[in-house]
Structures are given as C-alpha cells and as structure tokens.
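See structure below.
The values are calculated or read from the model by the stated rules, or taken from the named source; none is laboratory data. Remember, it's a predicted structure, so these values are computed and weren't measured experimentally. With ideal geometry, Cβ positions are generated from the backbone for all residues, glycine too; neighbour counts draw on all protein chains shown.
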C-alpha cells in the first residue's frame, strides 16, 4: 500500500514505527528521504452541464488530457491521471461548470531508476 502523509520528521518517524509493527509488513520505505519517486493518482470526475458550460468543460478536459469515459446529454464523467496537484487543479476548474462528484484512488508511488524500492 502507499500511504501519503505530512508532518515533522518526528511524526513521520512515529508513523513509520507504527507501520513496522503491523503484521505482515515486509518493509516500510520513506520515498521522500531516500530516493526520487514518481507519484500518480487516478480520478473520475462527474460534471453536469449544458450549452456553454458543456463546451468549456470539454475544452478544459482536453487541455488536462482528461478522457471522457461516459457521456449523456446532461453530464460527462472524465478520467484523469497525474500528479495530485493536477487533479486538484482540474477539480477546482470544474466546480463552477457543474461539478457533481469526484472519486479518487489516492496516490500510487514508485522509485525512479533500476533499483526496486
């Protein structure tokens, strides 16, 4: 599993120790300290809209490279993958256009380079 959290180094260390006590944990790695990592998230965003709002939502989706995975005459569901901030930005732009619902997977991360985590 990938857990994303923030806090002081002491808090992060406490979280790490608590996770290491869980069974069956094989290893706990803090990707922010040891290696460069790539983080991505998947989101599905439902937007209701007609007329000009519909066109604007489609234009923004294209700019963000969001994929339309469902469409009706009154709504769209977009699929968007990327950094969490990219998804946050897209959701913020969809709010005034008719944002209905957002479903996010949470962050998945992997270390860069040839070595495993």
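When each of 39, 79 is tested for being in contact with a strand residue (DSSP E or B) (Cβ under 8 Å, 6 or more places away or on another chain), under 30 Å from residue 26 (Cβ atoms) and either assigned to a strand (DSSP E or B) or modelled with pLDDT of 95 or more (or both), the lone residue that passes is 39.
In the range 82-99, what count of residues is obtained for those that are touching a strand residue (DSSP E or B) at 6+ places or on another chain (Cβ under 7 Å) and surrounded by 14 or more Cβ atoms within 10 Å (Cβ to Cβ)?
9
Among the residues of the range 88-105, those that are part of a helix (DSSP H, G or I) and in contact with a helix residue (DSSP H, G or I) (Cβ under 9 Å, 6 or more places away or on another chain) comprise 89, 90, 93, 94, 96, 97, 98.
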